[in-house]
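Please treat every number below as a calculation from the coordinates, not as lab data. Worth saying up front: this structure is predicted, and the values here are computed from it rather than measured. Please note: Cβ atoms are built from the backbone with ideal geometry, for glycine as well, and neighbour counts cover all protein chains shown.
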């Protein structure tokens with residue numbers, strides 16, 4: 001006995017397909033999981049980023065305050081710069097464990113000379129004192145100085161530029177961020193004048209010189 005294959009009218013196919021599409025569009029199963037997968041990474045980045053930024057802002061505020069105090073204490077004749085640096089480092093490490101703290105001091109004759117070099121007629125534009133170029137010798141050492149500052153705490157009435165640099169690995173690391181962003185750096189600078197505990201040595205005068 002031969003069984004004949006039952007033929008489905010084409011009209012029923014046209015009716016079944018729209019019905020399936022309607023069922024799929026109305027099916028909301030698993031929507032919550034999909035929404036969470038889309039939103040969660042952004043939400044976590046915002047939370048962790050806020051914590052990271054908050055830590056940095058707080059550390060910068062503390063650093064500014066402790067550097068200002070350390071610079072002021074160091075202006076005394078009996079000021080101990082080693083102790084001042086140690087106090088700054090201890091305050092930083094309480095907030096940023098394993099941070100790398102470095103400090104520099106430069107002394108200048110007056111405020112006008114702070115963080116300033118001697119004027120140079122840089123003809124060839126190489127940023128250096130080349131033979132034949134003219135410069136103004138302010139400190140009388142017969143050489144062009146890119147920075148007039150001398151390393152150290154200076155003497156009476158000298159202006160001191162005290163700078164502390166801090167590099168640290170963030171406690172709240174940002175996910176999916178390039179590795180070269182993993183290290184944070186903050187710094188603070190204080191400019192103070194040593195107390196007049198004696199006669200200030202040295203002076204600045206303008207004398208034209210040639211490299």
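Checking the a/c ratio against 1.5 first, then a/b against b/c, what shape does the Cα gyration tensor give for segment 30-210? Display every interim value, and only then the final one.
Numbers: a/c = 4.36, a/b = 1.86, b/c = 2.34.
Here segment 30-210 falls in the oblate category.
Arrange the following residues from fewest to most other Cβ atoms within 10 Å of their Cβ: 199, 209. All intermediate terms of the calculation are to be shown ahead of the outcome.
Values: 199 8, 209 15.
Lowest to highest Cβ neighbour count: 199, 209.
Could you line up 129, 211 from fewest to most neighbouring Cβ atoms inside 10 Å?
Numbers: 129 20, 211 16.
Ascending number of Cβ neighbours within 10 Å: 211, 129.
For labels at residue 209 and residue 197 in the simple 7 Å Cα→Cβ model, what's the distance in nm?
Label at residue 209, label at residue 197, 3.1 nm between them.
Debye sum, Cα scatterers, segment 110-211, no solvent: what log₁₀ I/I(0) at q = 0.15, 0.20, 0.22 1/Å?
Once normalised to I(0) and log-transformed, intensities are -0.78, -0.99, -1.10.
Give the residues of segment 93-109 whose amide nitrogen is closer than 17 Å to a point set 7 Å from the Cα of residue 82 in the direction of its Cβ.
Hits in segment 93-109 for residue 82 at 17 Å: 103-105.
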